[in-house]
Amino acid sequence: MLFHLKSSNIVELSQKIKYNKAMEENKKEKIELIKKSFELKHLKKYKEAIEMLYKALEYDDIAEDNVELLSQIGDLHLLLNNYDRAYDEFQRALSINKNHAYSQKRCFDIFYETQHLNKALKLAQKMCEENKTPENYYNYLKTLIKLEKYSDAIEVFNSLDEKIKLDVDILYLISTISADKKELILKKIVELDETNIKANMDLATIEFERKNYNKAVEYCLNLDEDIALAYYYIGYSEATKHNYNKALEYFSKAIQLDKDEHDFYLDLAKTYIDISWFDEALCALKKSINFSLIKNKLNNLDEKYFLSGWILIKKNEFSKALLNLNSIKENSNLYPKAQVLIQTINLKNMNLAAAKTTLEEYLNKEKENPILLDTLGAVYKELKLYKKAIEIYSKALELYPDSIYYALEIIDLLIDDENYEAALDKINDFRKKYENCANIFNSLARIYYRLKDPQKALEALNRCLELDKNTAETYYFKGLVLNDLSRFEEAKNSIYQAIKINPNIAKYYAQMARSYQGLEQYENALLYTKEAIELNQNEINFKKQAYEIALKIGNEAQIKLYQKQLKRSEEILKLKR
């Protein structure tokens, strides 16, 4: 009998060992399947991950484990936007454990996302009754607000424990429906959580709209994350302080971070205009106009067309300017100013003297129209009536005392009028206010160049390039000065930079040819002169240069070609006189 019992125990023990071993194997296989599902999820292969978890369920006879696997399957279905399948899986989990908080939360999310808001509200209320957590009350309040049951939401909030009332997410929700207490609540949130993004950005927006830019920036600096709108506010603040380089840096950062949600391009364009970077401003305005059209946000479209038209007139691209200006609606407050510009284009195409007369008539009616002042100033400048142009731009500067553009125009006109002492005085005043403005050093270089002090001119141009390495004209001017000093290799390198930045300017190629002439590399010189002629066939000096280089080379065919071209150009010039 004892033997029989012992034998029976051995069999039972053996079976138990086999069972445990089988269970251990099953457990290992199940774990491998779960691991594989996570790997597939990471690779965004959600269907394959679901398949792995269904296989894992087959190994499991423990209800609690099933709950977790089912909730994971539900999550994967949500990633595939299969809301119905996801809901079924979470319900299966809840049928095993009716209080499974995660599955309840995901069912709420499904109701909320699919706009079954009454079902979401009912479930959120049930969850709050079962478990009074801040997250559950947040979802409850969020749904009431979505349903526009604001008084109910306030009532629920007032009934909460003091600790839950201080939850920053719940406070933020209440701030969205409490207009009279909004700012107070937002400040409380920042007091509780200094880096809270939503509260800081809302407070920054409030101060920005009040034009309290420094205060807006303070809230932006509280953040420990890169937020596009925060960079925009900081950039705008810097622009108001005339720190244009910093403003451009912050606007560019805002655009880089933004997901095409905001139109930051308009203020970027205005900053470029303030420092007379018209090509860059025009590019930014094009992007801003496209944004308005794509997003159907047309409230400031007329301003964008107007600024584009104004810049294009500056660039003598009149047909393009007309397209923009004619796009401005008749009921716009910019329409009359646009008509002034259009009239100016028409007149400039025909007769500058006539343009002067008509614009002077307009001036009697609109003495404070900056566009009219600017355009008339440009006409005077074209007619070389420098003193009159200075007078007009001075009036414009009185209206807009912070305008860099008008200040620079006056300085350059004083130089054109050979009033170098007055120009230097203006430059000294200007530098006190805008010490890092690159253009002022270009003007300074013009004065020294005219005063036959090339060394000081070079110093000014080098300072200009330290502040702004992207201006072709400065590299060209530096190359010209270096050529005058017979420093041809350095000149060549500088002019090369100018051509690289803007390859469509004829005089750059002519100046490069001059460098090669100085280096006695005449074949290269002729190539660059040919390019200059190609870009501007009306400039007689380019043809003279080509003829002189051809003589140096001794190529009879080229000598005859450029001699003929030069003679023809001289005849045309005589006829025009």
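The values are calculated or read from the model by the stated rules, or taken from the named source; none is laboratory data. On a predicted model such as this, the values are computed, not experimentally measured, just so you know. Here the Cβ positions follow ideal geometry from the backbone for every residue, glycine too, while neighbour counts run over all protein chains shown.
Please state which of the following conditions ASN299 fails to meet, knowing it meets all the rest: (1) over 16 Å from the mean Cα position of the chain (by Cα); (2) surrounded by 19 or more Cβ atoms within 10 Å (Cβ to Cβ).
Going through the list (1) over 16 Å from the mean Cα position of the chain (by Cα); (2) surrounded by 19 or more Cβ atoms within 10 Å (Cβ to Cβ), ASN299 breaks only (2).
Can you go through LYS384, LYS337, LYS329 and tell me which one is in contact (Cβ under 8 Å) with a residue 24 or more places away in the chain and either closer than 19 Å to ASP417 by Cα or in contact with a Lys or Arg (Cβ under 9 Å, 6 or more places away or on another chain) (or both)? It would help to see each step written out before you state the result.
Details: LYS337 fails: either closer than 19 Å to ASP417 by Cα or in contact with a Lys or Arg (Cβ under 9 Å, 6 or more places away or on another chain) (or both); LYS329 fails: either closer than 19 Å to ASP417 by Cα or in contact with a Lys or Arg (Cβ under 9 Å, 6 or more places away or on another chain) (or both).
The conditions single out LYS384.
Starting from the stretch 483-500, keep only residues that are of a type in the set (Phe, Trp, Tyr), then list their pairs with residues that are part of a helix (DSSP H, G or I) and surrounded by fewer than 19 Cβ atoms within 10 Å (Cβ to Cβ) whose Cβ atoms are within a distance under 9 Å, requiring at least 6 positions of separation or different chains.
Between residues of the stretch 483-500 that are of a type in the set (Phe, Trp, Tyr) and residues that are part of a helix (DSSP H, G or I) and surrounded by fewer than 19 Cβ atoms within 10 Å (Cβ to Cβ), the close pairs are PHE488/GLY518.
Can you name every residue in the stretch 214-231 that is in a helix (DSSP H, G or I) and over 12 Å from the mean Cα position of the chain (by Cα)? Spell out the reasoning first.
Quick first cut of the stretch 214-231, residues in a helix (DSSP H, G or I) only: 214-221, 228-231.
Answer for the stretch 214-231, where residues must be in a helix (DSSP H, G or I) and over 12 Å from the mean Cα position of the chain (by Cα): ASN214, LYS215, ALA216, VAL217, GLU218, TYR219, CYS220, LEU221, ALA230.
Quick one: LEU76 ticks every box in (1) surrounded by 14 or more Cβ atoms within 10 Å (Cβ to Cβ); (2) under 30 Å from GLU191 (Cα atoms); (3) of a type outside the set (Gly, Ala, Ser) bar one, so which box is it?
(2)
Quick check on ASN333: is it in a loop (DSSP other than H, G, I, E, B) and either under 26 Å from LEU408 (Cα atoms) or in contact with a strand residue (DSSP E or B) (Cβ under 6 Å, 6 or more places away or on another chain) (or both)?
On the way: in a loop (DSSP other than H, G, I, E, B): yes; either under 26 Å from LEU408 (Cα atoms) or in contact with a strand residue (DSSP E or B) (Cβ under 6 Å, 6 or more places away or on another chain) (or both): no.
So ASN333 fails the test.
Going by what's in this entry, would ALA247 be described as touching a residue at least 24 places away in the same chain (Cβ under 8 Å), of a type outside the set (S, T, N, Q), closer than 22 Å to PRO401 by Cβ and buried (at least 21 other Cβ atoms within 10 Å of the Cβ)?
Numbers: touching a residue at least 24 places away in the same chain (Cβ under 8 Å): yes; of a type outside the set (S, T, N, Q): yes; closer than 22 Å to PRO401 by Cβ: yes; buried (at least 21 other Cβ atoms within 10 Å of the Cβ): yes.
Yes; evaluated as a whole, the condition is true for this residue.
For the stretch 334-341, indicate whether the set of residues that are under 23 Å from LEU285 (Cβ atoms) and basic (Lys, Arg) is non-empty. It would help to see each step written out before you state the result.
Initially, the stretch 334-341 is screened for residues under 23 Å from LEU285 (Cβ atoms), giving 334-341.
Imposing the further condition that a residue be basic (Lys, Arg) reduces the set to 337.
Yes.
Kindly indicate the residue of the stretch 533-572 that is part of a helix (DSSP H, G or I) and polar (S, T, N, Q) and also surrounded by the fewest Cβ atoms within 10 Å (Cβ to Cβ) among those meeting that condition. Please lay out each step first, then the result.
Our first condition is that a residue be part of a helix (DSSP H, G or I); within the stretch 533-572, this holds for 533-535, 540-553, 556-572.
Right, trim to polar (S, T, N, Q) and you get 541, 545, 558, 563, 565, 569.
Values: ASN541: 13, GLN545: 23, GLN558: 17, GLN563: 15, GLN565: 18, SER569: 18.
Of everything passing the filter in the stretch 533-572, ASN541 is surrounded by the fewest Cβ atoms within 10 Å (Cβ to Cβ).
Which of (1) under 33 Å from the mean Cα position of the chain (by Cα); (2) under 21 Å from THR471 (Cβ atoms); (3) touching a residue at least 12 places away in the same chain (Cβ under 8 Å) is the odd one out, the single condition ARG446 does not satisfy?
(1)
Can you tell me how many residues within the stretch 170-227 are within 21 Å of GLU148 (Cβ to Cβ) and among the hydrophobic types (A, V, I, L, M, F, W, C)?
Residues that pass the stated criteria total 7.
How about the stretch 170-184: which of its residues are closer than 15 Å to ASP202 by Cβ and assigned to a helix (DSSP H, G or I)?
LEU171, TYR172, LEU173, ILE174, SER175, LYS182, GLU183, LEU184
Quick check on the stretch 257-296: of everything there that is of a type in the set (S, T, N, Q) and free of Cβ contacts under 8 Å to residues at least 24 places away in the same chain, which residue is surrounded by the fewest Cβ atoms within 10 Å (Cβ to Cβ)? It would help to see each step written out before you state the result.
To start, the set of residues in the stretch 257-296 that are of a type in the set (S, T, N, Q) comprises 271, 276, 288, 290, 292, 296.
Still in the list and also free of Cβ contacts under 8 Å to residues at least 24 places away in the same chain: 290, 296.
Working: ASN290: 13, ASN296: 6.
The extreme case among them is ASN296.
Out of all the residues in the stretch 144-176, which are more than 39 Å from the chain's Cα centre (by Cα) and closer than 21 Å to LYS187 by Cα?
Looking only at the stretch 144-176, we keep the residues that are more than 39 Å from the chain's Cα centre (by Cα), and these are 151-152, 154-164.
Within the stretch 144-176, ILE154, PHE157, ASN158, LEU160, ASP161, GLU162, LYS163, ILE164 qualify.
Which members of the stretch 486-543 meet the condition of being within 23 Å of LYS567 (Cα to Cα) and among the basic types (Lys, Arg)? First the steps, then the outcome.
Within the stretch 486-543, the subset within 23 Å of LYS567 (Cα to Cα) is 506-507, 509-511, 513-514, 517, 522-523, 525-543.
Answer for the stretch 486-543, where residues must be within 23 Å of LYS567 (Cα to Cα) and among the basic types (Lys, Arg): LYS507, ARG514, LYS530, LYS543.
Identify, please: which residue in the stretch 321-350 is among the basic types (Lys, Arg) and surrounded by 16 or more Cβ atoms within 10 Å (Cβ to Cβ) and is, among those, farthest from ILE275 (Cα to Cα)?
Here the answer is LYS348.
Pull out all pairs, ordered by first then second residue, where Cβ-Cβ is under 7 Å, the residues are six or more apart or on different chains, the first lies in the stretch 459-474 and is among the charged types (D, E, K, R), and the second is modelled with pLDDT under 95.
ARG463/PHE441; ASP468/ALA438
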